[in-house]
Amino acid sequence: MVTAIGGGVTRTASVSVTIAAKRKCVIATAAYGSELEDEVQELRTFRDNFIGTTIAGSQFMRAFNAFLLQLGSNAGELRGFP
């Protein structure tokens with residue numbers, strides 16, 4: 001709740017802040033060994049700034065993530081995936 005007072009007038013407003021969790025690049029992390037690797041960061045940026053900004057890209061990512069969940073969301077589980 002935010003309250004502002006000025007000129008004899010008081011205004012109150014509710015403010016809601018949502019912080020989105022950072023999305024991981026599970027396949028890239030498994031391939032490069034760490035999500036902190038520069039290549040993984042570049043792939044995440046490309047995904048978020050280019051692929052995720054289009055309707056087709058968003059639909060692809062939704063389908064890919066659904067497929068990925070079937071394999072296992074832990075990067076360690078994907079290391080044996082060819």
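Can you tell me which residue within segment 1-42, out of those that are among the polar types (S, T, N, Q) and at pLDDT 70 or above, is surrounded by the most Cβ atoms within 10 Å (Cβ to Cβ)? Before the answer, list the steps.
To start, the set of residues in segment 1-42 that are among the polar types (S, T, N, Q) comprises 3, 10, 12, 14, 16, 18, 29, 34, 41.
In the following step, the residues that additionally are at pLDDT 70 or above were identified as 3, 10, 12, 14, 29, 34, 41.
Values: THR3: 8, THR10: 9, THR12: 9, SER14: 6, THR29: 20, SER34: 10, GLN41: 14.
Ranking the qualifying residues of segment 1-42, first place goes to THR29.
Would you mention how many residues in segment 43-80 are at pLDDT 85 or above and over 15 Å from CYS25 (Cβ atoms)?
Residues that pass the stated criteria total 8.
Which ones in segment 43-70 are among the aromatic types (Phe, Trp, Tyr) and loosely packed, with under 10 Cβ neighbours inside 10 Å? Even if it seems obvious, please write down each step before you answer.
Residues of segment 43-70 among the aromatic types (Phe, Trp, Tyr): 46, 50, 60, 64, 67.
Of everything in segment 43-70, just one residue is among the aromatic types (Phe, Trp, Tyr) and loosely packed, with under 10 Cβ neighbours inside 10 Å, namely PHE67.
The values are calculated or read from the model by the stated rules, or taken from the named source; none is laboratory data. Nothing here was measured: the structure is a model prediction, and the numbers come from that model. Every residue, glycine as well, gets a Cβ built from its backbone with ideal geometry; the counts of neighbours run over all protein chains shown.
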